[in-house]
Amino acid sequence: MYNKKVKIELETEKSKVIKRIVDEMKIEKNVNDESAFETLVTTIISQNTSDKNTIRAVKLLKKEIGINVESILSVDKEKIVECIKPAGLYNVKAPRIIELAKKIKYELGDERKLDLMDDYEVKEFLSKVKGIGPKTIDIFLAFKRGRDIIPVDTHVSRVSKRLGIANKRDGYFEIRKKLEEIVPEGERLRTHFALIMFGRRVCTAKNPKCTMCPVKEDCPSSEQFLSS
Ligand code: SF4
């Protein structure tokens with residue numbers, strides 16, 4: 001739970017709002033037993049699509065091919081395309097998945113070597129793969145290494161902007177920095193999950209449910225949505 005130092009930070013209104021959302025969403029500890037490669041592939045598949053479509057595509061890929069470096073490199077691109085079709089942009093995503101698998105195989109030899117790299121080396125390695133950006137790298141570091149960071153996905157970004165924590169034009173790093181300034185250490189990954197759940201259930205992209213929102217009194221966007 002929040003320590004004394006963190007309580008001081010929570011004096012700001014924005015911290016309190018975030019804490020209320022985290023409490024409301026009742027996020028349990030994250031369990032992620034995927035391999036490093038699977039986490040990265042899932043994140044590539046999830047780009048620009050819904051969670052539902054991502055899950056369908058990942059399940060299909062896992063069932064038909066398997067999600068590890070060897071299995072991905074043992075089939076041709078079309079087979080991967082077929083599996084990930086539900087997630088859209090399959091002609092972009094399939095080559096990215098293959099490129100990632102090749103880079104790991106030919107530069108590292110074994111995907112488990114990713115685990116032996118320090119964070120800086122991981123960032124250097126992954127940032128050279130087409131289609132892997134800061135969000136994917138942050139997800140990897142947070143999920144697989146337990147780093148205390150808030151990866152910013154589409155839900156986290158939208159909610160942060162509507163709540164006035166971030167500005168409309170803020171990019172990935174600005175939003176992450178602003179959130180991390182007001183979220184206590186040790187609570188950041190849980191906050192990441194809470195904001196995603198809140199974005200899916202309450203502060204949805206279309207027709208946010210402002211009337212039932214637990215932080216509507218403190219949200220600068222509520223008036224706009226409630227009056228429309
Ligand atoms: S009041 Fe509406 S816009 Fe503001 S956080 Fe809640 S659901 Fe989102």
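The values are calculated or read from the model by the stated rules, or taken from the named source; none is laboratory data. Keep in mind that this is a model prediction, so the values were computed, not measured. Neighbour counts run over all protein chains shown; Cβ positions are idealised from the backbone, glycine included.
Looking at I80, I84, I72, just one residue is closer than 26 Å to R145 by Cα and of a type in the set (A, V, I, L, M), and that residue is I72.
Is it the case, given these coordinates, that A166 is more than 10 Å from the ligand (Cβ to nearest atom), crowded, with 20+ Cβ neighbours inside 10 Å and either of a type in the set (K, R) or within 23 Å of K26 (Cα to Cα) (or both)? The answer is no for A166. Taking the stretch 192-222 as the range and being more than 11 Å from I21 (Cα to Cα) and of a type in the set (G, A, S) as the test, the residues that pass are A205, S221, S222.
Note on the stretch 169-182: among residues that are within 16 Å of the ligand (Cβ to nearest atom) and touching a residue at least 24 places away in the same chain (Cβ under 8 Å), the one that is surrounded by the fewest Cβ atoms within 10 Å (Cβ to Cβ) is I182. When L126, L141, L114, L189 are checked against the criterion of being within 20 Å of S35 (Cα to Cα), in a helix (DSSP H, G or I), more than 14 Å from the ligand (Cβ to nearest atom) and not assigned by TED's automatic domain parsing to the domain that holds I44, L189 stands alone in meeting it.
Just need a number here: residues in the stretch 79-109 that are free of Cβ contacts under 8 Å to residues at least 40 places away in the same chain and over 19 Å from Q47 (Cα atoms). So the count comes out to 8. Within the stretch 212-228, if we keep just the residues that are near the ligand (Cβ under 6 Å from one of its atoms) and free of Cβ contacts under 8 Å to residues at least 24 places away in the same chain, the residue that is farthest from R162 (Cα to Cα) turns out to be C213. Being within 8 Å of the ligand (Cβ to nearest atom) and within 16 Å of M25 (Cβ to Cβ) is the filter; apply it to the stretch 192-211 and report the residue that is surrounded by the most Cβ atoms within 10 Å (Cβ to Cβ). So, considering only residues that are within 8 Å of the ligand (Cβ to nearest atom) and within 16 Å of M25 (Cβ to Cβ), the one surrounded by the most Cβ atoms within 10 Å (Cβ to Cβ) is F198.
Using the structure shown, decide if K63 is of a type in the set (K, R) and under 20 Å from K130 (Cβ atoms). No; evaluated as a whole, the condition is false for this residue.
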